[in-house]
Structures are given as C-alpha cells and as structure tokens.
Amino acid sequence: MKLNICCIPGDGIGPEIVKEAKKVLNKVAEKYGHEMNFTDILMGGASIDVHGVPLTDEAIATAKASDAVLMGSIGGDTNTSPWYKLEPSLRPEAGLLKIRKSLNLFANLRPAVLYPQLSGACPLKEEISAKGFDMLIMRELTGGLYFGERKTIEENGMLKAIDTLTYTEEEIRRIAIKGFEIARKRRQKVTSVDKANVLDSSRLWRKVVNEVAKDYPDVALEHMLVDNCAMQLVKDPAQFDVILTENMFGDILSDEASMVTGSIGMLSSASLNDSKFGLYEPSHGSAPDIAGKDIANPIATVLSAAMMLRFTFDLDEEATAIEKAVEAVLDKNYRTCDIMSAGCTQVGCSQMGDLLTAEI
Ligand code: NAD
C-alpha cells in the first residue's frame, strides 16, 4: 500500500519524537511491503519563526492532500517564549485550532492503557491497578457547550452568564457511528456517557445512540451517567472498552483517565473526520523543559502512528506489530526517564526508537 503521510514535527520535543515514529514506520513499511511518503509541514512556533503565522494556507493544503497527519507537539514555554507575546490568534496553539477546523476533525480518540509493566505509576490501589486496563475515550470535539452561544448580561442589577449546550441529531449520529466502528476493532463494547436524567441534549444523545446501535448488533451498548462514570474510572477502570461521550464530559473524563495511567509519555491520541482521514498526535505537549536533550519518551507518538495505521489505513496487523514492540521493549525493562523505575535500564529518545524498531 502507498501511504502519504503529512508530518508536523512542531516545537520542543516534537521533532525528536516524530523522528523516532518515522523510524518505526519505515521499518513497518520495509517488513510489510508498503511505501511510506512523508511530507513535513511547519506548525506552531516553528511556523511563526519562518512565516509569522502558526499555520499557513499552503501547509493546510499539504495536510488536506495527504492520507493522514502525524504530529509531534507544538508550543513553547508559555512564560518565557516570545511566541506568547503575540496576540492570541498568532500564537502556536491557534495553528492547532485552525488545522482541526480546516480538516473538520470532530471525533477525538484518547486511549488510556495501563501496561502491567508500568502499574507502579498508577495512582490507584494495587487491587485495582493489578487488573490493568485498556480503554478508549471517544469525545465529540466540535459541538456542545464549548461551541454554543454564550453571553453575559445584566439583569436586575446583577450580572448573569449564559452558555448554551446544543447538539443536532446529525452531530450525535456521526460520532456514535465512529464509536461503534472502533469498538468493532476492539472488545465490542460501547459505554455511552450522558446526563440524561437532567439534560435534553443528553436525552437526544441517548435516543440517537440507541438508534445507531441497531446497526451494530455485535457491539454491546450500555448507558452510564457522567457522574457515575467519573467514579467508575477510579473504582473499576477495567470494565471500560470504548467510552462514547459529548464534548465537555469527554474533556474531563479523558483527563481523568490519562491521570489514572500515571504515564503521560505513553498516551496517544487521534482526531478524525467523517472519512478515514485523521490527525494523530501524543496526548502530551511539547515539553520545552527537556527539548533537545534526547531524553523524551517517543512511545506516545509511536503509538499514535499505530493508531494511524489501524484507523486511517485499516492495517491492523501492522498496528498490532507496533503495539507488541512497545510491550516487548517494556518487558525487557528499557525505560525513558519519565517512566524509569528501580532495576530498569534508562535509555534516551533515539535509543528507544532503535529498540522499538528492532522489535518490529
Ligand atoms: P507537557 O505535556 O509538554 O509537559 C508536562 C510535563 O511532562 C513536563 O515536565 C514534561 O517534561 C513532561 N513530558 C511531557 N511529554 C513527555 C515525554 N514524551 N517524555 C518525557 N517527559 C514528558 O505540558 P506543558 O509543560 O503544560 O506544556 C508545554 C507546551 O506544550 C505548552 O506550550 C503547551 O501549550 C503545549 N501543549 C501542546 C499540545 C499539543 O501540541 N497538542 C498539548 C498540550 C500542551
């Protein structure tokens, strides 16, 4: 297969971790007989330095012309970097919002996996962490409270703020379909999270999800209220496969789920549109404090590349090969500094990339 991948190395540790992900992908291409073409574009601070804006229209056109985008991370030290003296629309993060909007990326996927080898980093009690967990949070990204009409008015001498939470049937249906499709590639279970005991938008959410579920009889569906889900994530995270939810609930629950893994350098993510196209990136930021030192953990980016193979290119075997390589390297007790523990061998970013490549 011919894979045209647009890469955004970005800022901070971004170029270092993307380099290692490319190394692993090239090995996959060699082993499985694919042709990978990488085209780099500038985004964030790297683009500001060259073009004065965080993302040019030409860069967007390159991204659109590719099959998928693989990103490192963007941004600098928000206290000291001159990028943050610019007006908000010219700062690094504006590039991220612009690319998400231009590519119509409405579905955000964040896996939260507790590897048994790293269970010591999990802040939960051992009786819970010992079971491990492997869930994926599918969050609607372009609707709901964050995009509704908002205003602050004065009423009877008192300030009053109003935010509106709206969802159309269509917005719910397209993300629900993504959720069920992805559950089919996993353990065939969807937990749809809402607040249907209070909110109309949640009652519509539940109705549409039930309708979509009829087309996926092989996938088990359960509904859970968001407050209960927040508790279950720390009580029994192993029960979850795909958590399907709206924008604000997903924002909060995905951060909670990543925290219970305890290892930010291991967490991948993806944002998808209604075709197979996606933007794949680690959940962490550009870590300016460790940039240029060859000590960053590239695994979140490498696992994002595995998600890209699975969800954009339907290359499940190749994606699994990368995931198994990560487990094999952890089994051999190699660790980057962020996941280092007693008795293990500490390696840098490029060495971790070499070790992963050798396992493919
Ligand atoms: P961060 O995730 O970059 O770093 C938080 C801490 O985790 C730091 O101590 C860092 O060294 C460590 N860390 C993060 N990733 C690591 C890795 N792969 N290996 C080892 N250690 C790692 O968060 P921050 O410091 O709040 O943000 C730094 C910059 O990143 C900011 O400009 C922020 O806006 C940006 N950011 C970008 C994205 C993105 O590109 N999608 C996401 C979040 C933050």
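Quick note: the coordinates plus some simple rules give every number you see, no bench work behind them. Note that the structure is predicted; figures quoted are calculated from it, not measured. Virtual Cβ from ideal backbone geometry, glycine too; neighbours counted across all protein chains shown.
For this structure, a couple of remarks:
- Normalised contact order of the chain, rounded percent, pairs of Cα under 8 Å and 6 or more residues apart: 22
- With at most 10 other Cβ atoms within 10 Å, longest stretch of the chain clear of loop trypsin sites (Lys or Arg not before Pro) (DSSP): 215-360
- In this Cβ point-charge picture (+1 for Lys and Arg, -1 for Asp and Glu), the chain has a dipole of about 300 debye about its Cα centre.
- Ordering 291, 144, 198 by Cα displacement along the dipole of the chain toward the positive end leaves 198 in first place; charges were set at the Cβ atoms of Lys, Arg (+1) and Asp, Glu (-1).
- Screening the chain for whole DSSP H helices of 15 Å or more along their axis (Cα) with average Kyte-Doolittle hydropathy at least 1.0 returns 299-311.
- Taking 25 Å as the straight-line reach from the Cα of residue 293, the lysines in range (excluding those fewer than 8 positions away in the same chain) are 19, 22, 23, 27, 332.
- Taking 95, 343, 250 in turn, the Gaussian network model of the chain (Cα-Cα springs below 10 Å) assigns the largest fluctuation to 343.
- Fewest-first ordering of 162, 41 by other beta carbons within 10 Å of each residue's beta carbon gives 162, 41.
- Aspartates and glutamates whose Cα lies under 12 Å from that of residue 125, excluding same-chain neighbours fewer than 8 positions away: 236
- Using C-alpha pairs below 8 Å separated by at least 6 residues, the relative contact order for the range 1-131 is 28 percent.
- Share of Cα-Cα pairs in the range 116-273 lying beyond 22 Å, as whole percent: 46
- Counting every other Cβ atom within 10 Å of each residue's Cβ, 51, 284 order from fewest to most as 51, 284.
- Mean-position separation - Cα centroids, the range 1-46 and the range 129-202, in angstrom: 32
- Computed magnitude of the charge dipole of the range 116-273 (debye, nearest 20; Cβ of K, R +1, Cβ of D, E -1): 380
- Computed over the range 167-267: relative contact order in percent, which uses C-alpha pairs under 8 Å that are six or more apart: 34
- Per-residue 3J(HN,Hα) values for the range 267-283, derived from phi via the Karplus relation 6.51 cos²θ - 1.76 cosθ + 1.60 with θ = phi - 60°, read 9, 8, 7, 8, 10, 10, 10, 7, 9, 8, 5, x, 10, 10, 7, x, 6 Hz in sequence order (x marks Gly and Pro).
- Taking the Cα centre of the range 156-219 as origin and assigning +1 to Lys and Arg Cβ atoms and -1 to Asp and Glu Cβ atoms, the resulting dipole is close to 340 debye.
- Scalar couplings 3J(HN,Hα) for the range 123-135, obtained by applying the Karplus form with A = 6.51, B = -1.76, C = 1.60 to θ = phi - 60°, are x, 7, 4, 4, 5, 8, 5, 4, 6, x, 7, 8, 10 Hz; x denotes Gly and Pro.
- Amide H to amide H distances under 5 Å link residue 136 with 112, 242, 243, where only residues 5 or more positions off or on other chains count and H is placed in the peptide plane.
- Three principal axis extents describe the C-alpha atoms of the chain; from largest down they are 62, 49, 41 Å.
- Within the same chain, lysines fewer than 8 places from residue 185 are excluded, and of the rest, those with a Cα less than 20 Å from its Cα are 214, 276, 324.
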